[in-house]
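Accompanying notes for the structure given below.
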């Protein structure tokens, strides 16, 4: 069976021949399998396009906006779906995450497509994890390459190897680099590293010798 799929996503129009899809991705070549694959691809494109502007926003905040737009009061609405108003309020303020049970109730009551709220929750969780990862390391743009010339800076564990990092920056860093390491670790941790000269710092990861 041969067929075509048209994707109206930002990446322009993409056409797939089902027979080529089956061959390229080693799919069984019968009528349903390629169509299922194409439909999944279309759904991914649709999700990315539809929820692009909501990425990183807590779904509860979006829910609060939707209720306001529909002139629905939060307390009566919460009671109508058998949810405690206090819990509902915490969600709409972004202080509590949405679970599958809550999401299904909301989607049914507001006539939203199933999975909408959980997709927004997933995008929010991803954004938070990215932010957390960035907070777990200093601003690497401030450090000169020569400061960590013998080290793979992307493999440094900034918490476990803090003594070695602090020693390196305080010894060879410039004013901006020293200020960044003080900002990241805090003065108390800097002092604890300086005042423990007998402790052996965990070595920094070495660059691969070519």
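No value in this document is a laboratory result; all are computed from the given coordinates. Fair warning: this is a prediction, and the values are worked out from it, not measured in the lab. Neighbour counts are summed over all protein chains in view; Cβ atoms, including those assigned to glycine, are modelled from backbone coordinates with ideal geometry.
In plain terms, the chain from residue 172 to residue 132 could stretch by 11.6 nm, reckoned as 0.36 nm per residue minus the Cα-Cα distance.
Here each label is just a point 7 Å from Cα along the line to Cβ, and for residue 153 and residue 194 those points are 2.3 nm apart.
The calculated pair-distance distribution of the range 67-172 uses every alpha carbon pair, bins of 10 angstrom beginning at 0, and gives 11, 32, 16, 13, 16, 12, 1 percent. Sorting the segments 112-121, 54-63 by their residues' average number of neighbouring beta-carbon atoms within 10 angstrom, most packed first, yields 54-63, 112-121. Roughly how far apart, in whole Å, are the Cα centres of the range 49-106 and the range 108-126? One Cα centre to the other: 10 Å.
Which residues in the range 64-82 place their backbone N less than 14 Å from a point set 7 Å from the Cα of residue 119 along the Cα-to-Cβ direction? It comes to no residues whatsoever.
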